[in-house]
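Read-outs: derived from the displayed coordinates by stated rules, not from any lab. Everything numeric in this text was worked out from a predicted model, so none of it was measured. Don't worry about glycine lacking a Cβ; one is built from the backbone with ideal geometry, like all the others, and counts go over all protein chains shown.
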Amino acid sequence: MPPFRYRAFAGWFFGFCVLFLGLGAVVLLGLDRIDRLPPPPFTATDCIDEKFAFLRDRDPTEADLLAVGSSVTWRNLDFAAVSAAETGASKPLNGAPCFLQVNQTRFLTDFYLDRMPKVKTVVSLFAMRDFETCGGDGAFFRPELLDLYVFERWSGLPVYFINFRPRPFLASVRHIKEMRTGELERTPLVMDAYGSGPLDVPPETWGDVKIDPACMAHLARMEKDLSERGVRWIVVLFPPMPSWLERHDPTGARDLAWRREVASKLAAPSTVVVDGRDAGLKDVNFFTDPAHLNWKQVPDFTRWIFERVADRTPIQAAQG
């Protein structure tokens, strides 16, 4: 190809890129103005990316207590219900998104703590479903991109182009406004001042759960990581939903075995295990599903957790 054709091709290609990016930016701006713009797609999962956008609008580096985990952690803590004297922290923050498995919780926790030096306590609530699939190291986003966005407060605009995925993006455009206002009751993205996500819907029982042994190994490694950092870890085992037990574990043996195995993996003196089965939540209407409480129950449950932490008796109860 003659040199002038190379130059022509390069010019056309450059012009196309500029046009594509320009039109894309205009579309994103228009969606933002009508509140239909999804958060920057670090993972292309709304309830994860929306949490990252929430953190960017705060100053997460000031947090001294950090909640991390799946939506079991995100939706079942109400820090407004407990005082600094009860938590031992003046600036608690719920950094948990959704859908995370134990290995992904470990990956996210390391990412946060590398950038949040004031955190002295991490709180994680776990249900059995958090232990289903733990292959790999759990990396589910690019740390360098998220660091620039959340902690350096760079624009998220390039992320829309770097991680553009048409189908999830268009699906999100259709529903993101209603998720943010809470109109989609089963998948709201409404968050309180601390980053927790209230859920208040009629109870729904899900399918069965199988435990992946690899998740237990990641749990032990996460405890080791936190212990080496000098960070206390409060591990809360979510209370069993009565209707789920009736359908999938009538004797409660599998649920109890899971709780005992989790407790057996956590031996560091700085770790406190709180077993939610002792919270007395026996009414199915206390739950929205096997991983979330009705928000009306969450303040009392949060206070109950920190009362158990204060006397440090739950670790023996969980192992018994």
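Once Lys and Arg get +1 and Asp and Glu get -1 on their Cβ, which of 121, 39, 263 lies farthest toward the positive end of the dipole of the chain?
Of the listed residues, the answer is 39.
Full extension from residue 34 to residue 90: what is 0.36 nm times the residue separation minus their Cα-Cα distance, to one decimal in nm? Can you show the working numbers first?
Working: separation 56, 0.36 × 56 = 20.16 nm, distance 3.64 nm.
Net length gain for the segment: 16.5 nm.
Whose amide H sits under 5 Å from the amide H of residue 123, counting only residues 5 or more places off or on another chain, with H placed in the peptide plane?
Residues meeting the amide H criterion: 66, 67, 68, 234.
Please give the helix 298-311 orientation as an angle from the longest Cα principal axis of the chain, in degrees from 0 to 90, rounded to the nearest 10.
The answer is roughly 60 degrees.
With no solvent and one equal point scatterer per Cα, compute the Debye intensity ratio I(q)/I(0) for the chain at 0.10, 0.16 Å⁻¹ and report its log10, rounded to two decimals.
Taken in order of the listed q values, log10 I(q)/I(0) reads -0.59, -1.40.
Please report the spacing between the Cα centers of the range 159-205 and the range 32-83 in Å, no decimals.
First find each Cα centre; the distance between them is then 11 Å.
Determine, for each peptide in 226-238, 148-160, the mean count of other beta carbons within 10 angstrom over its residues, then list the peptides with the highest first.
On the way: 226-238: 19.8, 148-160: 16.6.
Top to bottom by mean Cβ count within 10 Å: 226-238, 148-160.
Exposure proxy check: 292, 175, 218 ranked by fewest other beta carbons within 10 Å? List each step's numbers first, then the result.
On the way: 292 26, 175 16, 218 23.
Least crowded to most crowded, the residues run 175, 218, 292.
Relative to the longest principal axis of the chain, what angle (0 to 90°, nearest 10) does the C-alpha long axis of helix 102-113 take?
70
Please state, to two decimals, what the Cα-based radius of gyration of the range 246-313 comes to when divided by 2.2 N^0.38 Å (N = residues).
Working: Rg = 13.5 Å, N = 68, 2.2 N^0.38 = 10.9 Å.
Scaled against compact globular proteins, the figure is 1.23.
Would you mind checking the tilt of helix 3-33 against the longest principal axis of the Cα atoms of the chain, expressed as 0 to 90 degrees and rounded to 10?
50
Which pairs in the list 210/282; 177/265; 91/296; 51/210 are over 30 Å apart, alpha-carbon to alpha-carbon?
On the way: 210/282 23 Å; 177/265 42 Å; 91/296 23 Å; 51/210 28 Å.
Checking Cα-Cα distances, 177/265 exceed 30 Å.
Residue separation times 0.36 nm, minus the C-alpha to C-alpha distance between residue 296 and residue 62: what's the value? Each step should come with its number before you reach the end.
Numbers: separation 234, 0.36 × 234 = 84.24 nm, distance 2.86 nm.
This chain segment gains 81.4 nm when fully extended.
Could you work out the per residue convex hull volume over the alpha carbons of the range 190-282, in cubic angstrom?
Values: hull volume 13.1 nm³, N = 93.
For the range 190-282, the hull spanned by Cα atoms encloses 141 Å³ per residue.
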